[in-house]
Amino acid sequence: MLRFLTLEADWPEKRPVETRARDFYEVYADYAAAKAGEQASRCSQCCVPFCQVHCPLSNNIPDWLKLTAEGRLEEAYALSQATNNMPEICGRICPQDRLCERNCVIEQSGHGTVTIGAIEKFLTDTAWDEGWVKPLKPKRERPQHVAIVGAGPAGLACAEQLRLKGYKVTVFDRHDRAGGLLVYGIPNFKLEKDVVKRRVKRLTDGGIKFKLKCEIGRDVPFAQLRAGYDAVFVAAGAYKARDAGIPGVPALDYLIESNRGSRVLHANGKDVAVIGGGDTAMDCVRTAIRQGANSVTCLYRRDRDNMPGSLREVINAEEEGVVFEWLTLPKSLETDGVRISRQRLGLPDASGRRAPDAIAGADFTLKADMVIKALGFDPEPQWTELIAQDGVFAGGDLVRGASLVVWAIRDGRVGAEKIHKYIEAKTAAMQAAE
Ligand SMILES: Cc1cc2nc3c(=O)[nH]c(=O)nc-3n(C[C@H](O)[C@H](O)[C@H](O)COP(=O)(O)OP(=O)(O)OC[C@H]3O[C@@H](n4cnc5c(N)ncnc54)[C@H](O)[C@@H]3O)c2cc1C
Ligand code: SF4
């Protein structure tokens, strides 16, 4: 360990822009085992590991890095999966540059972070290849049955943790496939869908039932669901799109069509303008490039240093040919394109971030025949009362607002613990009353 003084941080190679910008396969190659071990050995095994402190799952990063450096990969994997239901997915799409890697002590001291995410992905992909990912087998069966609304990462993590304790679990989702935004939001070039599919298959093989194409509140009333199960976990996500006040395609509609492989809402041959500066906007611009757009411009009202999305994704997008127009606010859609107000950053607003302010006389028009609006999402309000009922628990984006996969997994795990305690307390009370 401690080799950060002599070894530089070295990420897995990205596929060349000329090929990756024309297909939807993942961008990053895998580490070879020797490289993963070498990179893991850069860790300084901090007494206070800030990587772990800043991981929403408190992943035991220093210990599994040490095991990886020693070539004890199966043990390293066992440790990493003990706190995370889908480490290979977090390894691929967590914004490590905002979480563990950003806070890594050797990054902070100017030596370049340990490449934690790439090592996590390598470990878990190796575990799948080597058969170390064990089937889901509860030690005992319990009679109680829990319903889960939403098959995104929060719902899936909750389902797995409850099944491990022996509960019967049924997951309901309105889509035809389980995975939530892992399948119908995040594009393939960040997360290939087979990676999600094998996780879902493990859950199905472990006895978890999935009722897909079933929307709670439309196909099954919520009251009926609650009455039929011992507890309910609601992880229905955040799907109420914020609006820009100008016409355009909502980002998720666009990404869902693309993830379905459909030609509806396709960017081929178009001049595309994407409004927004978060991860969703980055996924839209990079999807449009791959669909063969004539030009793709990202419009964001603050500057590069103040955008909410991961800088790593911005760099990927720039490499692939996306143009960023920082400090721009779309005002209207004209026949020849989007009318835009040029901004400058003024004093901090209530959120503490510097607020954009229009520069008089600096408006301009950007040629565009497809405008995609990626301004974020809020939870749908009808859930607020429903999730306040006895025996109903909730987590993920529905509770936090649009957030991250790693937080959704955490909420699913915490939700499972709460449900377990709730059912145990109810059972004990019933036994005492008999
Ligand atoms: C385009 C995009 C890119 C993103 N990229 C990243 C990234 O790179 N890294 C990262 O960490 N996070 C990313 N995120 C955020 C991340 O995907 C979410 O934070 C996470 O998926 C939330 O998990 P969840 O389980 O709470 O909800 P979701 O994943 O949204 O799952 C909710 C599920 O509930 C179902 N549902 C909703 N209502 C009902 C109902 N009434 N009945 C039945 N089913 C219902 C939905 O169909 C859906 O399948 C991205 C989000 C988007 C939109
Ligand atoms: S903060 Fe960085 S150096 Fe310290 S234990 Fe974590 S990965 Fe290793």
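The values are calculated or read from the model by the stated rules, or taken from the named source; none is laboratory data. Please read all numbers here as calculations on a predicted model, not as lab measurements. Here the Cβ positions follow ideal geometry from the backbone for every residue, glycine too, while neighbour counts run over all protein chains shown.
Assorted remarks:
- Only one entry of Phe172, Phe210 meets the criterion of being buried (at least 21 other Cβ atoms within 10 Å of the Cβ), more than 16 Å from ligand 2 (Cβ to nearest atom) and touching a residue at least 12 places away in the same chain (Cβ under 8 Å), and that entry is Phe172.
- Sole residue being in a helix (DSSP H, G or I) and in contact with an Asp or Glu (Cβ under 7 Å, 6 or more places away or on another chain), chosen from Arg339, Arg286: Arg286
- Considering residues of segment 131-150 that are closer than 28 Å to Tyr31 by Cα and out of contact with any Asp or Glu (no Cβ under 7 Å at 6 or more places or on another chain) only, the residue nearest to ligand 1 (Cβ to nearest atom): Val133
- Of all residues in segment 97-125, those satisfying the criterion of being within 15 Å of ligand 1 (Cβ to nearest atom) and either of a type in the set (Lys, Arg) or free of Cβ contacts under 8 Å to residues at least 24 places away in the same chain (or both) are Arg98, Arg102, Lys121.
- Of the residues making up segment 230-261, those that are crowded, with 20+ Cβ neighbours inside 10 Å and either within 16 Å of ligand 2 (Cβ to nearest atom) or over 30 Å from Val338 (Cα atoms) (or both) number 7.
Quick grid of which residues meet (1) within 17 Å of Phe122 (Cβ to Cβ); (2) free of Cβ contacts under 8 Å to residues at least 12 places away in the same chain:
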residue: Ser44; (1), (2): no, no
residue: Cys51; (1), (2): yes, no
residue: Cys55; (1), (2): no, no
residue: Leu67; (1), (2): yes, no
residue: Glu75; (1), (2): yes, yes
residue: Ala78; (1), (2): yes, no
residue: Arg92; (1), (2): yes, no
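- Gly309 passes every criterion in (1) assigned to a loop (DSSP other than H, G, I, E, B); (2) at pLDDT 90 or above; (3) under 31 Å from the mean Cα position of the chain (by Cα); (4) of a type outside the set (S, T, N, Q) apart from (2).
- Restricting attention to segment 400-427, the residues that are under 19 Å from Val232 (Cα atoms) and either touching a strand residue (DSSP E or B) at 6+ places or on another chain (Cβ under 7 Å) or surrounded by fewer than 18 Cβ atoms within 10 Å (Cβ to Cβ) (or both) total 13.
- Pairs, first assigned by TED's automatic domain parsing to the domain that holds Ala159 in segment 190-206, second loosely packed, with under 14 Cβ neighbours inside 10 Å and not charged (D, E, K, R), C-beta under 9 Å, six or more apart: Glu192/Tyr25; Arg202/Pro135; Asp205/Pro135; Gly206/Pro135
- Pro143 part of a loop (DSSP other than H, G, I, E, B) and in contact with a Gly (Cβ under 8 Å, 6 or more places away or on another chain): no
- Identity of the residue in segment 112-141, farther than 23 Å from Ala32 by Cβ and of a type outside the set (A, V, I, L, M, F, W, C), that ends up farthest from ligand 2 (Cβ to nearest atom): Glu141
- Single unsatisfied condition, Met282 versus (1) exposed (fewer than 15 other Cβ atoms within 10 Å of the Cβ); (2) without any contact (Cβ under 8 Å) to a residue 40 or more places away in the chain; (3) within 26 Å of Gly376 (Cβ to Cβ): (1)
- Enumeration of residues in segment 201-260 that are part of a loop (DSSP other than H, G, I, E, B), aliphatic (A, V, I, L, M) and under 30 Å from Lys426 (Cα atoms): Ile208, Leu212, Ala235, Ala236
- Residue satisfying all of: in segment 389-434; within 22 Å of Lys168 (Cβ to Cβ) and outside any helix (DSSP H, G or I); nearest to the chain's Cα centre (by Cα) among these: Gly396
- Test: Ala293 is buried (at least 19 other Cβ atoms within 10 Å of the Cβ) and part of a loop (DSSP other than H, G, I, E, B): yes
- Only one of the listed residues (Trp326, Trp407) is at pLDDT 95 or above and either of a type in the set (Gly, Ala, Ser) or farther than 27 Å from Pro56 by Cβ (or both). That residue is Trp326.
- Test: residue in segment 46-55 that is closer than 30 Å to Thr280 by Cβ, buried (at least 20 other Cβ atoms within 10 Å of the Cβ) and within 16 Å of ligand 1 (Cβ to nearest atom): yes
- Identity of the residue in segment 354-374, buried (at least 19 other Cβ atoms within 10 Å of the Cβ) and touching a Lys or Arg at 6+ places or on another chain (Cβ under 6 Å), that ends up nearest to Ser332 (Cα to Cα): Met370
- Residue ID - farthest from Asp230 (Cα to Cα), chosen from residues in segment 153-178 that are among the charged types (D, E, K, R) and part of a helix (DSSP H, G or I): Glu160
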